[in-house]
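What follows is a single structure, written as structure tokens, with notes after it.
Since every read-out is calculated from the coordinates, none of them should be taken as a lab result. Source: prediction; values computed, not measured. All Cβ positions, even for glycine, are placed from backbone atoms using ideal geometry, and neighbour counts span all protein chains on display.
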Amino acid sequence: MTILTIVYNDQTNYYGGNIKADKGLSYFIDGENLLFDTGKNGKILLDNMDALGVDVNSIKKIVISHDHDDHTGGLFDLLELNPNIDVYGLSSFSSELLKNIEKMANLITIEEPTYISEKIFTTGPLGTSIKEQSLAIKTDEGFLILTGCAHPSISQIFKVVSKKGSIFGVIGGIHSPNETDLFLLKNLPFLAPMHCTPINEIEKISSNIKKIGVGNVIFL
């Protein structure tokens with residue numbers, strides 16, 4: 001079983017412990033020892049992880065969707081505590097960010113759709129002005145797509161993931177959905193928009209939205 005814990009997001013539905021919402025996004029994928037994005041503030045990230053029982057030293061892989069600071073801000077605070085990590089980035093990241101990652105961890109540059117474990121693959125860099133990678137987790141019901149902000153568009157992400165199999169759902173930021181994106185999202189069995197998503201636009205096309213935030217756990 002794969003367990004997905006939201007450790008950083010703009011909202012929280014969790015009212016126990018030292019949990020704080022803040023602009024940004026980060027997910028921990030238990031069973032894979034993988035962190036996807038690192039939020040904006042390192043202290044908030046680490047405090048949330050501690051409150052949620054996510055051990056920093058258990059993390060073996062970090063995937064960064066894109067190099068905006070609300071997705072990379074906690075990276076180096078975490079690497080200071082655990083440098084024995086593979087960090088999956090993109091060549092489009094700023095040269096300073098890439099150099100700093102190389103100083104503290106093992107940088108793996110993703111250039112194309114790539115499996116990083118038996119169940120998870122990255123779409124590789126998509127988009128033009130903002131290059132971004134998303135993750136897809138294989139479940140019994142199809143692939144669950146994890147986005148940072150989906151700057152390249154949901155339709156581009158779906159085009160890549162659908163080559164590997166059917167799509168079960170989407171969780172994460174959906175920054176500026178166009179008409180095609182909204183059509184693709186409309187009938188998904190699982191839809192959990194977070195972070196930068198214009199929720200009012202999504203609510204118009206789906207009554208099946210899962211409202212989640214920091215502290216929520218999803219079992220796959």
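Let's test the formula: R0 of 35 Å, r as the Cβ-Cβ distance of N200 and K103. What FRET efficiency results, to the nearest 0.05? Let's see the in-between values first.
Values: r = 43 Å, r/R0 = 1.22.
Efficiency, rounded to the nearest 0.05: 0.25.
Which lysines have a Cα lying under 22 Å from the Cα of K43, excluding residues fewer than 8 positions away in the same chain?
K20, K23, K60, K61, K103
Just in segment 139-215: which trypsin sites (Lys or Arg not before Pro) are loop by DSSP and have at most 11 other Cβ atoms within 10 Å?
Passing sites in segment 139-215 are K163, K204, K211.
Give the residue list of GluC sites (Glu not before Pro) in segment 95-180 that are DSSP loop and have at most 13 other beta-carbon atoms within 10 angstrom.
E111, E118, E141
Could you give the dipole magnitude of segment 3-219 about its Cα centre, charging the beta-carbon of Lys and Arg +1 and that of Asp and Glu -1, in debye to the nearest 20?
With Lys and Arg at +1 and Asp and Glu at -1, about 380 debye.
For segment 3-219, build the charge dipole from Cβ charges (+1 Lys, Arg; -1 Asp, Glu) around the Cα centre, then report which of F76, V63, L188 sits farthest towards its positive end.
Of the listed residues, the answer is L188.
Say the dipole of the chain comes from +1 at the beta carbon of Lys and Arg and -1 at that of Asp and Glu; which of A51, S207, I116 then lies farthest toward its positive end?
Checked the options; the winner is S207.
Using the beta-carbon distance between N187 and N33 and R0 = 35 Å, what value does 1/(1 + (r/R0)^6) give for FRET efficiency, to the nearest 0.05?
Values: r = 33 Å, r/R0 = 0.95.
Using R0 = 35 Å, I get an efficiency of 0.60.
So what is the orientation-averaged projected area of the chain, using the convex hull of its C-alpha atoms, in nm²? Write out the running numbers ahead of the final one.
On the way: hull surface 43.0 nm².
Orientation-averaged projected area of the Cα hull: 10.7 nm².
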